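In what follows, a structure is listed as structure tokens, so that the remarks can point back to it.
We did not get these values from a lab; they are worked out from the coordinates using the rules stated. Only a predicted model underlies this, so the values are computations on that prediction, with no experimental measurement involved. When we count neighbours, we look across all protein chains shown, and the Cβ atoms used for this are built from the backbone with ideal geometry, even at glycine.
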Amino acid sequence: MPSVQDRRGHDRTALVCPATVADKAGRTLLRGRTADISPGGVRIVGPRRIDFAEGIACTVQLSVPNPASSGGPRRLVKLKGYVRRACDMGEWKSIVVVFDNDLAKGLFLPVG
């Protein structure tokens, strides 16, 4: 039986940064922090706000470190995707969002 890592299409990178997940109507589903990210998706953990179903289309907004030598220390990145998995953890929720395309590859540019 293959391990979980063997089934993933992309390696994950630990990244802790502010994140917000909103549905198509702009309602905030979850506001929290990323736990890990890959070019294919992201796991976000935060306090539960409203109930929503797996499979819902969403937009993720991340405040990531800026790899550019100019500009501020962080930049906002918005990516579209859908909620693949959602897990309640008491008053908190952990969700995995799969991105619609590989735009997240730009997040993995080396800093400096």
| remark: Plugging the Cβ-Cβ distance of Asn66 and Arg12 into 1/(1 + (r/R0)^6) at R0 = 22 Å yields, to the nearest 0.05, a FRET efficiency of 0.55
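Write down, largest first, the equivalent ellipsoid semi-axes of the stretch 16-104 in whole Å, where each equals the square root of 5 times an eigenvalue of the alpha-carbon gyration tensor.
For the stretch 16-104, the semi-axes come out at 22, 14, 12 Å.
Gain in length, Arg48 to Glu91, computed as 0.36 nm per residue apart minus the alpha-carbon separation, to one decimal in nm? Write down the numbers at each step before the final one.
Working: separation 43, 0.36 × 43 = 15.48 nm, distance 0.60 nm.
Length gained, Arg48 through Glu91: 14.9 nm.
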